[in-house]
Amino acid sequence: MHRALGSVVREYVDQVRHSGRNARLYLAGLFLIGFGQSIFSLLFNLYLRALGFSDAGIGQIISKISLGAAVAAIPAAFLFRSTAARVILVGAGALCAAISLLQASLTEPDLMLVVAFVSGMALTVYRLSIAPVVMSEVAEPARPFLFSAAFTVLVFAAILGSAIGGFLPHLFHLLTPSDRLALRWSLFISAAATLLCVIPFHR
């Protein structure tokens, strides 16, 4: 049984390793954007609470993220048919980072609603990118392995991002007693981590 399991794992690793440079770079970019955004999603509600938003106000902002994702889903799918994946991924990664920075800086409720809507649209692009990228960059026998690897990378990025995201405000509390500033600086870190995805996506 151990030999059979080891054989399956080796085949999985070999398929991913030999899937090509572009596929490996895509997985790296996917990890970075997933890592940065998992930190952001963990702390954003706490940051809104520190700003004095009510439960209703926080709910409105979060709902705009979901609405933006729904609105962008179909256009984003067509965009991958007419534009190079690298261009879309670099643009979406940079936009996600910029929006995260804005969301951590703004305090005006109406502006935050607009930015939340746009953030949902930008995040949808990379979530929908897995199928078109894998289909275009990987030979058919390796595609199931790459689909699995992409989702595994996102899960691992979410776990690691949540763990580090929970630690960051405590770290920044060494520099400031303000919950709001500690959370804001932590969100800035998440924006920086998200921006790093542009490097592998561009390459």
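Here 42, 48 are screened, and the one residue that is within 13 Å of the chain's Cα centre (by Cα) and modelled with pLDDT of 85 or more is 42. Looking at the stretch 9-18, is at least one residue surrounded by fewer than 20 Cβ atoms within 10 Å (Cβ to Cβ), touching a helix residue (DSSP H, G or I) at 6+ places or on another chain (Cβ under 7 Å) and modelled with pLDDT of 80 or more? Scanning the stretch 9-18 turns up no residue that is surrounded by fewer than 20 Cβ atoms within 10 Å (Cβ to Cβ), touching a helix residue (DSSP H, G or I) at 6+ places or on another chain (Cβ under 7 Å) and modelled with pLDDT of 80 or more. I'd like to check something: does the stretch 144-153 contain any residue that is over 18 Å from the mean Cα position of the chain (by Cα), β-branched (Val, Ile, Thr) and surrounded by fewer than 21 Cβ atoms within 10 Å (Cβ to Cβ)? Looking for residues that are over 18 Å from the mean Cα position of the chain (by Cα), β-branched (Val, Ile, Thr) and surrounded by fewer than 21 Cβ atoms within 10 Å (Cβ to Cβ), one finds none in the stretch 144-153, hence no. Annotation: residue 87 fulfils all but one of (1) of a type in the set (A, V, I, L, M); (2) open to solvent by 20 Å² or more (accessible area, probe 1.4 Å); (3) touching a helix residue (DSSP H, G or I) at 6+ places or on another chain (Cβ under 8 Å); the unmet one is (3).
Which residues, counting only those in the stretch 157-203, are outside any helix (DSSP H, G or I) and either in contact with a Pro (Cβ under 9 Å, 6 or more places away or on another chain) or not charged (D, E, K, R) (or both)? Can you show your working first?
Here is the first cut: in the stretch 157-203, the ones outside any helix (DSSP H, G or I) are 173-178, 196-197, 203.
The answer is 173, 174, 175, 176, 177, 178, 196, 197.
Rundown of residues vs (1) of a type in the set (S, T, N, Q); (2) under 17 Å from the mean Cα position of the chain (by Cα); (3) part of a helix (DSSP H, G or I); (4) modelled with pLDDT of 75 or more, yes/no style:
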position	(1), (2), (3), (4)
58	no, no, yes, yes
89	no, yes, yes, yes
93	no, yes, yes, yes
116	no, yes, yes, yes
123	no, yes, yes, yes
126	no, yes, yes, no
134	no, no, yes, no
142	no, no, yes, no
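The one condition from (1) under 19 Å from the mean Cα position of the chain (by Cα); (2) free of Cβ contacts under 8 Å to residues at least 24 places away in the same chain that residue 73 does not meet is (2).
Among the listed residues 40, 53, 80, 117, identify the single one that is open to solvent by less than 40 Å² (accessible area, probe 1.4 Å) and more than 27 Å from residue 203 (Cβ to Cβ). First the steps, then the outcome.
Details: 40 fails: more than 27 Å from residue 203 (Cβ to Cβ); 80 fails: more than 27 Å from residue 203 (Cβ to Cβ); 117 fails: open to solvent by less than 40 Å² (accessible area, probe 1.4 Å).
Being open to solvent by less than 40 Å² (accessible area, probe 1.4 Å) and more than 27 Å from residue 203 (Cβ to Cβ) holds for just one of 40, 53, 80, 117, which is 53.
Inside the stretch 154-191, residues that are aliphatic (A, V, I, L, M) and either surrounded by 19 or more Cβ atoms within 10 Å (Cβ to Cβ) or within 12 Å of the chain's Cα centre (by Cα) (or both) make up a count of 10.
The values are calculated or read from the model by the stated rules, or taken from the named source; none is laboratory data. The structure displayed is predicted, hence computed values, not measured ones. Note that we place each Cβ from the backbone using ideal geometry, even for glycine, and neighbour counts take in every protein chain shown. Ligands, DNA and RNA are excluded from the accessible area calculation, which covers all protein heavy atoms including side chains. Shrake-Rupley method; radii C 1.70, N 1.55, O 1.52, S 1.80 Å.
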